[in-house]
Amino acid sequence: MNEKKTQPSEARVEEFVTNIPDKVLRSEAERLLTLMTNVTGEKPVMWGDGIVGFGMYHYTTKSGREGDWMRVGFAPGKARLSLYGLKDHKESLRLLEHLGPHTAGVGCVYIKNLDDVNEDVLRALIALAHEREALANHN
């Protein structure tokens, strides 16, 4: 069976965030780091070389594949921030309608700027993602 590429690592989150070359993106990552730490109460962990995650759960897909994944997390990208876990709760779709400008992929919510979204809604989405039971629909 293939080993999943994105695994928790021993890399230091603070070093990763500090070394983001773009100062605006670094500032956004610092804000998300503080926000997710405060909402989840978890210590952040690097997943792979570019994702900051909080909490963990074990999943089994419909096909029987198993693995571990973060409950919530983020990855700073050149054009947008990828937010993980925010779509996996049954209440998420309702809240996402009030988040502000964003797009959604299969497993992520993408935002371009934290100032453009409703922080209270983002906090609620993070809390739901962190508290939820792992869903069985991961592929």
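What follows is calculated from the coordinates using simple rules that are stated; it is not laboratory data. Treat the numbers as computed from the prediction; the structure is a model and nothing was measured. Quick reminder, even Gly has a Cβ in these numbers, built from the backbone with ideal geometry, and neighbours come from all protein chains shown.
So the values come out like this:
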| item | result |
| --- | --- |
| Between the range 16-61 and the range 64-104, the Cα center-to-center distance that results, in Å | 13 Å |
| Virtual paramagnetic centre 7 Å along Cα→Cβ of residue 131, amide N under 14 Å, in the range 35-59 | 39-41 |
| Set of lysines with alpha-carbon distance to residue 90 below 25 Å, sequence-local pairs under 8 removed | 62, 112 |
| Global form of the chain, assessed from the alpha-carbon gyration tensor, a/c cut-off 1.5 | oblate |
| With at most 10 neighbouring Cβ atoms within 10 Å, loop trypsin sites (Lys or Arg not before Pro) (DSSP) excluded, longest segment of the chain | 6-61 |
| DSSP loop GluC sites (Glu not before Pro) with at most 10 other Cβ within 10 Å: longest gap in the chain | 11-96 |
